[in-house]
Every structure is written in C-alpha cells, then in structure tokens.
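Let me begin by presenting the structure, written as structure tokens, before commenting on it.
The values are calculated or read from the model by the stated rules, or taken from the named source; none is laboratory data. Everything numeric in this text was worked out from a predicted model, so none of it was measured. Backbone-built Cβ (ideal geometry, glycine too); neighbour counts: all protein chains shown.
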Amino acid sequence: MNNQILFALAVMLTSATIALAVEPDEMLADPALEARAREVSQQLRCVVCQNQDIDSSNAGIARDMRVLVRERIVAGDSNSEVLDAMVVRYGNYVLLRPPFNTLTYALWVAPLALLLLAASIGITVIRQARRTHEQPDELTTEEENALRSVIDTQLPTESRQ
Amino acid sequence: MKRLLFATPVLVALVFGAFFLWGLNPERDPNTIPSVLISRPAPVFTLPEVAGTGVPGFSRDNLEGNDAPVIVNIFASWCVPCRAEHAVLTRLVAEEGVQLFGINYQDEPEDALRWLNELGNPYARIGSDIDGRVALDWGLTGVPETFIVGPDGTVLYKHVGPVLGDAALRDFTTALAQARQAGMS
C-alpha cells in the first residue's frame, strides 16, 4: 500500500521535472522535422541560463531561438547550417560542444598533453628508482685486493676455552 | 636532463599560479559572454515604427553613412533596468549630442508608447521588434543591451545590461569617444 503511494508520488514528481519546455504551439507538424529540431536544439546553449540547452529551457530567449531553429529547418537548412546560423549570432559560445579549431586546440589537446607529461615524469622517476636496485658494478682489482687483505687478516685469537 | 626534471615542478607551479592569478582577478567577470558582433557589420534588418511615438522605425541602411557613431539600445517597457537606464541615455543624448536609436523588444506598441510618454523619448528612431527576431540577429542575451555603431555600419562596442554605475558609464563614454575619434580620422 505504502509502496503504491510512493510509486505514484515518484511518477508525479519525475514527470513534473521532465515536463518539456517545448510548447505545443512551437512544434512542427512533420515529426521528422520536429525530431531534427529537437536534436539541433539540444546542441545549442541557452544564452541566459548558460548551462542548459535551449530544448529544455523555459527562458523567453530560448523559446525564440527554438522557433528560429524550426523556421530554418522548415526553410530547408541542414542541421549544421542551422547551427552555423546560431554561431553567426552568438559565436561558438552557443554550441554546447565546442568545435575543434585553432581557438580550441588548447581546450581539446590540454588534457591529453597533461596526461602524457604526467606519465613521462612518472616513468622517468620509476626507472631511475629501479636503476639503483640493479647489480652494482664489479669490484676493481684494487678494491678486491683491499677486501681480500681485510678478510685474510687473522682475527686476534681470543682465548679458546 | 636531471636539472630539467627538477625544474618541472617549479614550471608547473608557475603556470598554475599564473592561471589562478588570472582567474582571481576581481575585474574579470566570468559571466560575460563574448560578443561576435564587435568589429563586424551590423545585421541586416528592417523594423517598423512604434505607432504614436512620432519617430520613424529604422533598418540597416539607417546605420550606414551617418557622420558620427550611433548608439543602438535594445529596450522594453516591461524591463525594469531599462527604466533606470533611460535617464542615463537621455543625458547622453543631451550632453554628447549623440544619435540614439531604439529597438523596442517584444513589447506591445501601446505599452511602449505609454512608457515613453511617461519618461520622455530620447530616441531619434525606434523600431518595433515584437517577435524579438531582430534582437536575436544582434545576439541579444537580455534586455537592455546597448551598441555603438560606427558611421560605416560596423558594430564597435557592446554593453550587456543597463549602462548604470560609474564603471559601466566610464567604459561606455570612453568607447564612444574612441568611436568618434576613429570616425574623424
């Protein structure tokens, strides 16, 4: 009984949070075009909320941007042409996935470069540490003679009893 | 080689330190959105007048061939900061003799007219952008926004939010003075 109430509550709450920002009057009649519009909208940043895509944002400007996206799709633009049209207005900032170009090389390459740097430092350190554990060099004849003379020296005989 | 290895932590610390110094700079606003419009021609548009204001609407053509830079202000009667900014813009027009064009963003003409009748109309031209489409072309992120457009129709400066407070006003008038000097030469 309790479980049922909990389940009903969960359904109510989650359906409230996933309620779509896209309103019925914005939607396109053609489901294929509407699906493309949704796909494009999910790649565009809402410029007011900053970390939300326009597809899920209730901001007024996000709505205007969604309408513009749909208009361009209906006019026959490809998905990338629609994205380009938005970049012309708002810059690469509007794309949730930054493009790979001269301005963003550092962004994309830095994690890999840092990883390689850390790995190379680590490997060098480990190698050097290991080298010290290797077999020491052979003794020179001089050292060997010195050692032998020490070993051969008679121990002062203690009184054996 | 070994010396280089010892220098690495120092170098890394320096790089990170410089990054933190940049990040902690109180002058830096992490919320600013870079504008792509600066140094680029203003977007092409045509906006009808707001009926009853007595000033004409305007289009891209009106931003070209002026003998001085023009200020383009995106405003709305429902926008509270615009009300505060209105006095600043009025004073700029009166003191600097600069031409001010307004884009009336997503506003009913009657509301805009009532607002202007109450506060006064410093705008030489007002275009009615009811559906907000032209504002999107200008890369609007929120009203008010104010642009300085050079005599050749190039966007020279953009201010997001109301031009209020000493810092904002100083930056704006500096940009305006620079735009004027550039226009002279």
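Some observations on this one:
This table checks each residue for (1) surrounded by 11 or more Cβ atoms within 10 Å (Cβ to Cβ); (2) over 30 Å from residue A:85 (Cβ atoms).
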residue	(1), (2)
B:5	yes, yes
B:19	no, yes
B:41	yes, no
B:46	yes, no
B:71	yes, no
B:94	no, yes
B:102	yes, no
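- Filter result (over 13 Å from the mean Cα position of the chain (by Cα), more than 16 Å from residue B:42 (Cα to Cα) and either in a helix (DSSP H, G or I) or of a type in the set (A, V, I, L, M, F, W, C) (or both)) within the stretch B:117-145: B:117, B:118, B:119, B:124, B:126, B:130
- Among residues of the stretch B:135-174, those that are surrounded by fewer than 17 Cβ atoms within 10 Å (Cβ to Cβ), more than 20 Å from residue B:83 (Cα to Cα) and in contact (Cβ under 8 Å) with a residue 24 or more places away in the chain, counted: 1
- Total residues in the stretch B:23-56 satisfying the condition of being within 14 Å of chain A (Cβ to nearest Cβ) and closer than 27 Å to residue A:110 by Cβ: the figure is 9.
- Filter result for the condition that a residue is of a type in the set (Gly, Ala, Ser) and in a loop (DSSP other than H, G, I, E, B), over B:17, B:54, B:102: B:54
- Beta carbons closer than 7 Å, at least 6 apart along the sequence or on distinct chains, pair a first residue in the stretch B:82-106 that is without any contact (Cβ under 8 Å) to a residue 40 or more places away in the chain with a second that is among the polar types (S, T, N, Q) and assigned to a strand (DSSP E or B) for B:100/B:73; B:102/B:73.
- In the stretch B:123-134, residue farthest from the other protein chains (Cβ to nearest Cβ) [restricted to those that are touching a residue at least 60 places away in the same chain (Cβ under 8 Å) and hydrophobic (A, V, I, L, M, F, W, C)]: B:124
- Residue within the stretch B:115-122 that is within 14 Å of another protein chain (Cβ to nearest Cβ), crowded, with 19+ Cβ neighbours inside 10 Å and either more than 17 Å from residue A:66 (Cβ to Cβ) or at pLDDT below 95 (or both) present: no
- Taking the stretch B:105-114 as the range and being assigned to a loop (DSSP other than H, G, I, E, B) and either away from every other protein chain (no Cβ under 14 Å) or among the acidic types (Asp, Glu) (or both) as the test, the residues that pass are B:107, B:108.
Every residue, every condition in (1) within 25 Å of residue B:138 (Cα to Cα); (2) outside any helix (DSSP H, G or I); (3) within 18 Å of the chain's Cα centre (by Cα), yes or no:
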| site | (1), (2), (3) |
| --- | --- |
| A:64 | yes, no, no |
| A:107 | no, no, yes |
| A:142 | no, no, no |
| A:147 | no, no, no |
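- Residue list for the stretch A:73-84, filter: out of contact with any helix residue (DSSP H, G or I) (no Cβ under 6 Å at 6 or more places or on another chain) and either outside any loop (DSSP other than H, G, I, E, B) or loosely packed, with under 15 Cβ neighbours inside 10 Å (or both): A:74, A:75, A:76, A:78, A:80, A:81, A:83, A:84
- Filter result for residue A:47 (touching a helix residue (DSSP H, G or I) at 6+ places or on another chain (Cβ under 9 Å), closer than 28 Å to residue B:39 by Cα and in a loop (DSSP other than H, G, I, E, B)): yes
- Being touching a helix residue (DSSP H, G or I) at 6+ places or on another chain (Cβ under 8 Å), among the aliphatic types (A, V, I, L, M) and more than 14 Å from every other protein chain (Cβ to nearest Cβ) is a property that residue B:143 lacks.
- Residue A:51 within 14 Å of chain B (Cβ to nearest Cβ) and not hydrophobic (A, V, I, L, M, F, W, C): yes
- For the stretch B:146-157, a residue qualifies if it is part of a strand (DSSP E or B) and either of a type outside the set (Phe, Trp, Tyr) or within 14 Å of chain A (Cβ to nearest Cβ) (or both), and the qualifying residues are B:146, B:147, B:148, B:149, B:154, B:155, B:156.
- In the set B:27, B:85, only one residue is outside any strand (DSSP E or B), charged (D, E, K, R) and within 16 Å of the chain's Cα centre (by Cα); that residue is B:85.
- Scanning the stretch B:158-167 for residues that are away from every other protein chain (no Cβ under 14 Å) and small (Gly, Ala, Ser) gives B:165, B:167.
- Just one of the numbered conditions (1) over 23 Å from residue B:47 (Cα atoms); (2) touching a Leu at 6+ places or on another chain (Cβ under 9 Å); (3) surrounded by fewer than 20 Cβ atoms within 10 Å (Cβ to Cβ); (4) in contact (Cβ under 8 Å) with a residue 60 or more places away in the chain is not true of residue B:179: (3).
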